[in-house]
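Everything below concerns the one structure shown next.
All of the numbers you see were taken from the coordinates with simple rules; none came from a lab. Here the structure is a predicted model, which is why all the values come from computation and not from measurement. A quick note on method: Cβ atoms are made from the backbone with ideal geometry, for glycine too, and the neighbour counts reach across all protein chains shown.
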Amino acid sequence: MASAPVPAGTARGAGSRRSAWWAWLGLTPFAAYVLLFLALPTVLALASGLFTKTGAFTWSNLSALVDPAVLSTFASSTWVSLLTAIVGAVVGALVCYALLGMNPEGAVRQSVDAAAGVLAQFGGVMLAFAFIATIGVQGIITTLLKDSFGVNIFEGGTWIYEVPGLLLPYIYFQVPLMVITFMPALAALKPQWAEANATLGGTRASFWLHIGFPVLAPSFLASLLLLFANAFSSYATAAALISQGSQIVPLQIRAALTSETVLGRENLAGALALGMIIVVGVVMALYSLIQRRAARWQA
Amino acid sequence: MTAPLPRTQDNALLADAGEGTAVQLQGIVKSYSGNTVLHGVDLDIAPGEFVSLLGPSGCGKTTLLRVLAGLEGSDSGAVLLGGKDVSRVPTNKRDIGMVFQSYSLFPHLRVVENTAFGLRRRGVGKADAAKRALDALALVGLEEHADKFPHQLSGGQQQRVALARALVTEPKVLLLDEPLSALDAKVRVQLRDEIRRIQLRLGITTVFVTHDQEEALAVSDRIAVMSAGRIEQIGSPEELYGAPATASVAAFVGLSSVVGGTADGASVEVWGQTLPLQTPATGAVDVYLRPENVVFAEGADAAARGTVEESTFLGSMRRTVVRTDAGERVTVQHSPGIRPAFGDAVGIALLGEPVAARPRR
Amino acid sequence: MNSLAPSRLTRWIIGILVGAFFAIPLISTFLYTLHDPKGGMSWVNWHKLIDPAFASTLQPIWTGLGNSLVLAVVTVVIVLVLLAPTMILVHLRFPRLRPVFEFLALLPISIPAIVLVVGLSPIYLQIARMLGTGTWTLAFAYGITVLPFAYRAIQASIDAADLRTLSEAARTLGAGWPTVVIKVLAPNLRQGLLAASLISVAVVLGEFTIASLLNRQVFQTAMVVVRNQDPYLPAIFTLLALLLVFVLLLIIGRAARGHRKARS
């Protein structure tokens, strides 16, 4: 049980005030580290969009953000992230539901928790390889479908190496992330509410309709936002599957970093980074806002 | 401070108050993975009666209540409400009202919406349901808080809303599963009196589960003392207090001390003192002594001598446990002015009140 | 009895459908690695791991893996020597800073690696001048990447242990602060520190974005390079890495259960 926090410098006597200065000093290594490797790169990334290569201030890079080519990239990123977030959220919620009421220390819960942890962390590159091995041009399932059922899934083109090819791998890490994020909310549904609902004349269906879903809605929405941000930020899987091109925003940043002028603009990477951070930042801010509200009902 | 009940003519719930429904449990048997939790329990409750199920943790009282509610099924036996067998009827069709120990209220609904919930599930229109909900909230003195959310209320207030919610549908029977256990002591006393007052006024048959004997004694028409899946004794508070049927009942209700004595028909001899018996007995018996009937005495007045083992200050009185030279543990209830210390040598004697006794096995 | 819980049938249906979706790629990857160019299936690809003829093809992966392991170690050092003591300090001395710290620790989730790397580029140019272009310097960036995961693991431990009482007891018995942290507090945080370390190892082994765009050779970038020469080798290493991370997480889970048993 955590003890109640005592504000530094209050009734603990002169001792704490004397040592306060070295305590502040103790914070500096970490503060310096975070400043140097988190704050500074972020500022540099965002600010680079405002300067030309020669160091002159300019708005021209930012105007790239309304370039049709860039806008369509943002659109692609958005629909991929939204679709995989929704599918991931719904499937993940169903998995959480299937686990409801099972012993948290039992074998099933423990292995699903471990599996979810592993798969949510599954490095993007390795995920890409796994899917190439499965539904790539020479993949096991591709071959199986072609040889045994005469179905050629790549009839219309090798979509696996284009944006649609990202959908399945993304869902593969979205679902475990949802399970990890949403399980606490589902577990916080009190059986007493279901029982109260029964004593008051409600059915199982009316329970979910009037109590279950409304109470879970904020957490579900928050998790959905998290999944969206997660997919939007994702780079490795796309980089491994799509070797060239700028179909989604992270890939466009890659192109901007590895070739000097894309679309004839300098420091496009910085502008793109700014655009990306705005999207992800807004989503994450909404996420934490809703999450705090939802936590109130889970207590 | 509890507000008085609203006037009958102003309150739909009070105006509708009827005669209550009889409840019967017949031969209820229930096991969980090999353990028998209820051994064929029978219980007859008259219309409008307030019956408490009292006992320690694990005695089966909550399970019995949940079987009555339909939240659990029994392996065998029947549940009858108003003479009708409802054993196969699911909970939501039994027309009962239930208050849980905690987390009763739905967190996302306002107080009035929570209260009106049962009415809405029965098809009552929104405006009508809200009005009746407000009447129910007036009954528990919370109509001003109608638009608040549960997390804005105290524990005691939440349980009162839960009570209003259970009563607004005018159910056949009201079931309460340790509703006060999670509350502060002072709130507990206020709320239990309020529950009793409302229950009397509405005339609704009520079953109340608790492990607190003082609570049960204070509010019940009858108490069923349970132990290890059986009802050991059922009777009015006075009966249970004065004439416990078994050692566990005596131990559970009223803090008796058990000492050895010799009975001779209408009286029994304990430590050389003769006391009247509540029910006749002969031979070697276990005698149940109430703490308020044991006093400190000196010199020749002392019937037994012993040493003080512990002494607890309880505000208006003190309770001291004395181990007699014969090895028996006896509780003495006395004024707080006397402050025995651990290890003191004391003498005790018995007031001449009738005692209960059971033959020694 | 939990009246919310789904029926057994429902559990099984969901379990089988979702389980199949997740198992198929893994099984396929395994079957893929068994592909024999002469037709049919054999362990010929797995033999390449120890076959000297393929040593040069595999060399980038061994180099990359070695670099990643070094990076993992350095990152864990950063977590244990920089992050953990600071968290203890905040908990004991600056409880009001906790929300700030929490925000900070969760910030890397909101700032995608791909954005961060845009700003890390110039910084690493400077670092190259001072500390050389060794791959190990990436660990500085990785410490930030693992921050959210390590923070959550250690904070859970801190919340469960009563650090204030422990440190006060140790101090009244005459211990200096280094002794208190190393001999008294750390052992009680062992579970969280272990979890944070293992999660950091898992994240570092899987990291691609920053290494790739800063042109460093790590495990993941090596696999992409080798893929063009032999597509089966990366698949093999994917399975091995997955197995390793699974084992790491089981260890964390087992340690957590053992710890919980000891406490109750």
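Using only Cα atoms, find the angle between the long axis of helix C:163-172 and the longest principal axis of chain C, and express it within 0 to 90 degrees, rounded to the nearest 10.
For helix C:163-172, the angle is close to 50 degrees.
Roughly speaking, what is the centre-to-centre gap between the stretch A:30-44 and the stretch B:64-87 when only Cα atoms are used, to the nearest Å?
Cα centroid to Cα centroid, the span is 66 Å.
Just rank C:Arg98, C:Arg227, fewest to most, by other beta-carbon atoms within 10 angstrom.
C:Arg98, C:Arg227
So who's got an amide H within less than 5 Å of the one on B:Thr282, skipping anything under 5 residues away but keeping other chains? H placed 1.01 Å off N, in plane.
When sequence neighbours closer than 5 places are left aside, the close amide H contacts are B:Gly265.
Beyond 29 Å between alpha-carbons counts as too far, so tell me which of B:Lys84/B:Lys131; B:Lys126/B:Lys172; B:Lys61/B:Lys126; B:Lys30/B:Lys84; B:Lys30/B:Lys172; A:Lys190/B:Lys148 fall in that bin.
Pairs exceeding 29 Å: B:Lys84/B:Lys131; B:Lys61/B:Lys126.
Could you please state, rounded to a whole Å, how far the C-alpha centre of the stretch A:95-126 is from the C-alpha centre of the stretch A:131-171?
When both Cα centres are located, 27 Å separates them.
Got a sec? Charge dipole of the stretch A:65-298, +1 on Cβ for Lys and Arg, -1 for Asp and Glu; which of A:Thr134, A:Asn267, A:Asn230 is way out at the positive end?
Of the options given, the answer is A:Asn230.
Give me the three principal axis extents of the stretch C:1-73 from the C-alpha atoms, as integers in angstrom, largest value leading.
Computed over the Cα atoms, the extents are 61, 42, 14 Å.
Counting every Cα pair in the stretch A:65-298, what percent are over 27 Å apart?
Above the 27 Å cut-off, the stretch A:65-298 has 46 percent of its Cα pairs.
For the stretch B:39-100, what does the alpha-carbon gyration tensor say about shape, rounded, prolate or oblate, given a ≥ b ≥ c as the root eigenvalues, a/c under 1.5 as rounded, and a/b over b/c as prolate?
Taking the square roots of the gyration eigenvalues as a ≥ b ≥ c, the stretch B:39-100 is rounded.
If packing is taken as the average number of other Cβ atoms within 10 Å across a peptide's residues, how do B:172-178, B:309-315 rank, most packed first?
Most protected by this proxy first, the peptides run B:172-178, B:309-315.
Looking only at other chains, what is the average number of their beta-carbon atoms within 10 angstrom of each beta-carbon in C:161-171?
Mean shielding count: 1.
Efficiency by 1/(1 + (r/R0)^6): what FRET value for C:Asp159 and B:Asp264, r their Cβ-Cβ distance, R0 = 51 Å, to the nearest 0.05?
So the FRET efficiency works out to roughly 0.15.
May I ask you to sort B:Ser87, B:Ser76, A:Ser223, A:Ser48 by Cβ crowding, counting other Cβ atoms within 10 Å and putting the fewest first?
With the fewest neighbours first, B:Ser87, B:Ser76, A:Ser223, A:Ser48 line up as B:Ser76, B:Ser87, A:Ser48, A:Ser223.
So which lysines can C:Lys48 reach, going by Cα to Cα under 21 Å and dropping same-chain residues fewer than 8 places off?
Cross-link targets: C:Lys38.
Which of B:Met98, A:Met276 comes first, and how do the rest follow, when ranked by fewest Cβ neighbours within 10 Å?
Exposure proxy ranking, most exposed first: A:Met276, B:Met98.
Please list the three semi-axes, largest first and in whole Å, of the ellipsoid equivalent to the stretch C:52-263, using sqrt of 5 times the eigenvalues of its alpha carbon gyration tensor.
That gives 36, 21, 15 Å for the three semi-axes.
Hey, what does the equivalent ellipsoid look like for the stretch B:255-359, semi-axes from the Cα gyration tensor as sqrt of 5 times each eigenvalue, largest first, whole Å?
Calculated on Cα positions only, the semi-axes equal 24, 14, 11 Å.
Using a 7 Å offset from the Cα along the Cα-to-Cβ direction at both B:Ser31 and B:Arg201, what is the distance between the two label points in nm, to one decimal?
It works out to 4.8 nm between the two label points.
Let me know the whole percent of all Cα-Cα pairs from the stretch B:100-228 that are separated by more than 25 Å.
That tail contains 22 percent of the Cα-Cα pairs.
Full extension from C:Ile50 to C:Leu82: what is 0.36 nm times the residue separation minus their Cα-Cα distance, to one decimal in nm?
Result: 7.6 nm gained on full extension.
In degrees from 0 to 90, rounded to the nearest 10, what is the angle of the helix B:126-139 Cα long axis to the longest principal axis of chain B?
It works out to around 20 degrees.
Alpha carbon centre of the stretch C:228-253 versus the stretch A:202-277: separation in Å?
26
Using the alpha-carbon atoms, what tilt in degrees (0 to 90, nearest 10) does helix C:84-93 show relative to the longest principal axis of chain C?
Roughly 30 degrees between the two axes.
At 7 Å along Cα-to-Cβ for each site, give me the label-to-label distance between B:Asp44 and A:Glu105 in nm.
The modelled label-to-label distance comes out at 4.6 nm.
Nearest 0.05, what FRET efficiency do A:Trp21 and B:Phe342 give at R0 = 45 Å with Cβ-Cβ as r?
The formula returns an efficiency of 0.30 here.
Across the residues of A:39-49, average count of Cβ atoms on other protein chains within 10 Å?
Across A:39-49, the average partner-chain Cβ count within 10 Å equals 5.
Other chains' Cβ within 10 Å of B:105-118 residues: what's the mean?
Per residue, the average neighbour count from other chains is 4.
Run the simple label-point estimate for C:Thr179 and C:Leu106 please: 7 Å along Cα→C-beta, distance reported in nm.
If labels sit at C:Thr179 and C:Leu106, their model points lie 4.0 nm apart.
For the stretch B:8-242, what is the per residue volume of the convex hull drawn over the alpha-carbon atoms, in cubic angstrom?
Dividing the Cα hull volume of the stretch B:8-242 by its residue count gives 123 Å³.
Project the alpha carbons of the stretch B:1-123 onto their principal axes and report the range along each, largest first, in whole Å.
Principal extents (largest minus smallest coordinate, Cα): 51, 36, 34 Å.
Please state, to two decimals, what the Cα-based radius of gyration of the protein assembly as shown comes to when divided by 2.2 N^0.38 Å (N = residues).
Against the empirical 2.2 N^0.38 Å value, I get 1.22 for the protein assembly as shown.
How large is the charge dipole for chain B, taken about the Cα centre, if only the Cβ atoms of Lys, Arg (+1) and Asp, Glu (-1) carry charge, to the nearest 20 debye?
Here the size comes out at about 1200 debye.
Need one number: convex hull volume per residue for the stretch A:35-188, Cα atoms only, in Å³.
With only Cα atoms used, the stretch A:35-188 gives 199 Å³ per residue.
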